[in-house]
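The values are calculated or read from the model by the stated rules, or taken from the named source; none is laboratory data. All figures in this text were calculated on a predicted structure; none of them were measured in a lab. A quick note on method: Cβ atoms are made from the backbone with ideal geometry, for glycine too, and the neighbour counts reach across all protein chains shown. Just the protein is used for accessible areas: all its heavy atoms, side chains included, with ligands, DNA and RNA removed. Shrake-Rupley method; radii C 1.70, N 1.55, O 1.52, S 1.80 Å.
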Amino acid sequence: MANPLYDRLLASHAGKTTPFLYLQDGQEVTFDGFLKQAARFAHALTNAGLVPGDRLVAQVQKSPEALALYAACVQAGIVFLPLNTAYTVSELTYFIDDSGAAMIVADASSEAAIAPIAASLKAHFETLNADGTGSLPDQAKTMSATFPTVDRAADDLAALLYTSGTTGRSKGAMLTQTNLLSNADVLVDYWQFSADDVLLHALPIFHTHGLFVATNVMLAVGGSMIFLPKFDLDALIDSLPRATAMMGVPTFYTRLLDDTRFARKLVEHMRLFVSGSAPLLAETHRQFEQRTGHRILERYGMTETNMNTSNPYDAERRAGTVGFPLPGIDLRIVDAETGRALGQGDVGQIEVRGPNVFKGYWRMPEKTAEEFRSDGFFITGDLGTIDKDGYVHIVGRNKDLIISGGYNIYPKEIELVLDAQPGVLESAVIGVPHADFGETVVGLIVPKADETLDLEAIATATAQALAKFKQPRRLILVDELPRNAMGKVQKNVLREAYNDLSL
Ligand code: MCA
Ligand code: AMP
């Protein structure tokens with residue numbers, strides 16, 4: 001046996017003293033240095049008693065050490081569970097509990113809040129700060145820089161990524177070694193990445209886009225990354241001349257286009273711009289081409305499936321489409337009710353099957369069964385159509401989901417918080433157009449009869465429960481919610497009514 005993910009993405013870089021990461025302060029991390037840091041972390045984790053298959057929750061700022069922690073987990077066979085740094089303690093508690101995590105690694109500033117929760121759930125707690133210091137690196141410092149890589153089967157879990165659900169309860173998507181590896185290999189080929197590439201990396205590393213699509217691809221080819229701690233317009237403008245490729249969510253591209261420094265000359269040497277995680281407006285695609293001469297390559301994926309489709313590298317990148325199913329991935333459009341396959345040009349639900357598709361939801365066999373067809377196709381909940389040339393168009397969603405700046409927000413989770421507030425009869429949360437984030441969150445609240453609601457108090461309670469990006473930008477009192485004959489709230493009616501709030 002071997003460890004396919006470690007062997008393919010990491011092992012071959014041992015001893016390589018060329019740069020893997022270029023940091024904002026001018027420092028570099030070599031491939032060899034990165035691997036040694038990962039091996040030291042792997043020792044620290046196993047010394048703490050973690051065994052293969054255990055889950056490690058990482059809620060840490062983006063840093064080379066945070067990325068090395070991912071590599072350490074791969075090498076030690078530990079299931080990596082990264083979390084958005086914006087999550088509140090109450091959100092975090094659910095993930096620790098549900099995953100049965102053996103260790104939580106977080107910033108020292110969260111220790112007072114998280115350590116007691118970790119203790120009550122019998123998990124270790126260690127710190128790792130944005131500057132690479134903390135109790136975990138302290139322990140790792142004295143450890144050996146080589147670690148005996150733990151054997152893993154192709155079907156063993158490599159990562160558990162939580163994705164919210166329409167019921168309001170987040171589900172852990174179980175991603176295997178094969179899921180991650182097969183997708184990295186396909187993307188390397190499809191997007192023609194090589195060791196000469198320098199990827200401008202400004203995405204967070206707690207999601208599929210920044211962690212797997214960007215990092216795994218660059219590790220697979222031995223390319224390097226300009227590793228920015230977060231999206232920062234000035235830093236991007238400054239870094240672009242040294243990059244060959246960039247990956248981003250649509251907000252990255254609209255923000256760049258809003259800046260006059262972002263000109264053709266700055267990026268004429270570049271090879272590739274990739275967009276995903278949210279719909280890229282055809283208008284943005286066109287503006288980008290006019291300004292730079294480059295056509296953004298849009299692709300489509302999900303946490304559960306990694307990447308499913310992509311516009312082509314060499315042929316036409318068609319604005320407003322997500323391109324073709326990637327090699328080895330089957331994609332079909334079906335009638336959502338009956339599951340019957342639809343013809344070319346018809347709009348229906350997108351379903352996918354392939355080595356990229358996850359193993360199921362962590363400890364939720366019924367939920368997993370609901371989301372798969374008997375022939376192995378996964379029901380994405382996205383609505384789409386395939387045009388006469390084979391390009392897939394995403395035209396909507398069959399799931400109640402808001403995507404804000406590339407972050408997924410499930411209204412149900414917010415409605416549960418709003419409904420629990422004193423004096424609230426019911427609520428409906430919708431996404432409305434937003435120039436910067438694509439969509440943003442608005443909450444409509446119906447008070448109980450004869451109750452006067454304190455919207456500020458409700459906003460404060462929401463802020464304590466939910467990460468900033470999920471909090472409604474506006475709360476609006478309404479007398480009632482529009483419902484259809486079945487009694488279901490008509491969110492489309494609400495979306496139309498509040499379409500131009502200009503938030
Ligand atoms: C930050 N804020 C947000 C968001 N991000 N609010 C709504 N939506 C967001 N996405 C809040 C901040 O807390 C802040 O609040 C205010 O908005 C403005 O902050 P700002 O500094 O402008 O935010 P930022 O740091 O610039 O962040 C915007 C961002 C960031 C760069 C678009 O959200 C980002 O990096 N998004 C990428 C998400 C991503 O990687 N998605 C991939 C998921 P205040 O000022 O009031 O305190 S993977 C996926 O979807 C699939 C698999 C796929 O296909 O890739
Ligand atoms: P996540 O749960 O974060 O993995 O988000 C997955 C969802 O993001 C998909 O089901 C789509 O609804 C959406 N998505 C990802 N890429 C695109 C894209 N290029 N265009 C439109 N929607 C996208």
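Computed values, structure above
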| item | result |
| --- | --- |
| Check on residue 461, touching a residue at least 40 places away in the same chain (Cβ under 8 Å) and within 16 Å of ligand 2 (Cβ to nearest atom) | no |
| Subset of segment 247-257 that is open to solvent by less than 40 Å² (accessible area, probe 1.4 Å) and near ligand 1 (Cβ under 10 Å from one of its atoms) - its residue that is nearest to residue 302 (Cα to Cα) | 249 |
| Meets criteria (assigned to a loop (DSSP other than H, G, I, E, B), out of contact with any strand residue (DSSP E or B) (no Cβ under 9 Å at 6 or more places or on another chain) and closer than 30 Å to residue 256 by Cα) for residue 400 | no |
| Residue within segment 364-377 that is buried (at least 18 other Cβ atoms within 10 Å of the Cβ) and under 23 Å from residue 205 (Cα atoms) present | no |
| Answer from 32, 54, 25 - the residue that is in contact (Cβ under 8 Å) with a residue 24 or more places away in the chain, of a type in the set (Asp, Glu) and more than 20 Å from residue 212 (Cβ to Cβ) | 54 |
| Any hit, segment 319-332, residues being open to solvent by 40 Å² or more (accessible area, probe 1.4 Å), among the polar types (S, T, N, Q) and either within 16 Å of ligand 1 (Cβ to nearest atom) or without any contact (Cβ under 8 Å) to a residue 24 or more places away in the chain (or both) | no |
| Residue ID - farthest from residue 308 (Cα to Cα), chosen from residues in segment 258-281 that are within 16 Å of ligand 1 (Cβ to nearest atom) and polar (S, T, N, Q) | 275 |
| Only listed residue being touching a His at 6+ places or on another chain (Cβ under 7 Å), open to solvent by less than 10 Å² (accessible area, probe 1.4 Å) and within 16 Å of ligand 2 (Cβ to nearest atom), chosen from 384, 360 | 384 |
| Odd one out for residue 304, checked against (1) more than 20 Å from residue 155 (Cβ to Cβ); (2) among the acidic types (Asp, Glu); (3) within 15 Å of ligand 2 (Cβ to nearest atom); (4) in a loop (DSSP other than H, G, I, E, B) | (1) |
